[in-house]
Amino acid sequence: MSELTIRAATASDAAELREIYRPIVEETAISFETDTPSEAEFAERILTYGESHAWLVAEVDNRSAGYAYGSPHRPRAAYRYSAEVSAYVHSDFRGNGVGRQLYAQLFAVLAERGFHYAFAGITLLNPASVGLHEAVGFTKIGVFPEVGRKFDQWHDVGWWYRPLNLENENSRAS
């Protein structure tokens, strides 16, 4: 694989990033969305979450290889220092460390912006996603059984958490 670069995503990335996400929505239960967002909706998400949290894109040879972003964990004020995170890697680039590199930079940006912990929900069974999240320091919290229904099946969602810097982990132990 050629050199990977990671940068903040912009609205002009929406079409390419949407195409990474489209098969996830249409062919899997990894995302609980049932309709692929329009390019305009996707651009709006990039702008909104890029401003409030972070939205990063990984590129190889000027081609989008994947993206990762942080978003609000829950809407109530006391949750404002927690972020929910997601990463999606283009099928041509999976297994090359793109997800790990995206998450490493995303965690740094979120910590710099004052976020305390990152949380990730993973539709089960998804060993590749579980492996990625655990490889970058997430710990499993538990499972919401049959919390979503897609493709005429109930799906469990596992939840993982990760401190965004070592100080967070040390303060938790105190």
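Every read-out reported here was derived from the displayed coordinates using simple, explicitly stated rules and does not represent laboratory data. Because the structure is a prediction, the values reported are computed rather than measured. Don't worry about glycine lacking a Cβ; one is built from the backbone with ideal geometry, like all the others, and counts go over all protein chains shown.
Remarks
- Here r is the Cβ-Cβ distance between residue 124 and residue 80 and R0 is 22 Å; the resulting FRET efficiency, rounded to 0.05, is 0.20.
- Based on C-alpha pairs under 8 angstrom that are at least 6 apart in sequence, the stretch 4-173 has a relative contact order of 19 percent.
- Hz values of 3J(HN,Hα) by residue in the stretch 65-72 - Karplus curve (6.51, -1.76, 1.60), Gly and Pro given as x: 9, x, 8, 9, 8, x, 8, x
- Dipole of the stretch 4-173 [Lys/Arg +1, Asp/Glu -1 at C-beta], most positive-end residue of 28, 131, 82: 82
- Relative to the current alpha-carbon distance between residue 44 and residue 27, full extension at 0.36 nm per residue lengthens the span by 3.8 nm.
- The helix-only estimate of mean residue ellipticity at 222 nm for the chain, built from DSSP H runs of length n ≥ 4 each weighted as -39500 (n - 2.57), is -10500 deg cm²/dmol after division by the residue total.
- Cα centroid of the stretch 52-96 to Cα centroid of the stretch 32-46, whole Å: 14 Å
- Fewest-first ordering of 130, 98 by other beta carbons within 10 Å of each residue's beta carbon gives 130, 98.
- Each of residue 156 and residue 105 was given a label point 7 Å from its Cα along the Cα-to-Cβ line. The distance between the two points is 3.5 nm.
- Three principal axis extents describe the C-alpha atoms of the stretch 28-130; from largest down they are 39, 31, 30 Å.
- Distances between every pair of Cα atoms in the chain, grouped in 10 Å steps from 0 to the bin holding the largest one, split as 10, 37, 40, 12, 1 percent.
- In this Cβ point-charge picture (+1 for Lys and Arg, -1 for Asp and Glu), the chain has a dipole of about 660 debye about its Cα centre.
- Across the stretch 41-53, computed HN-Hα scalar couplings (Karplus, 6.51 cos²θ - 1.76 cosθ + 1.60, θ = phi - 60°) run 4, 5, 4, 5, 4, 4, 5, 5, 6, x, 6, 7, 10 Hz from first to last residue, x flagging Gly and Pro.
- Residue 5-residue 140 pseudo-label distance in nm [points 7 Å out on the Cα-to-Cβ vector]: 3.9 nm
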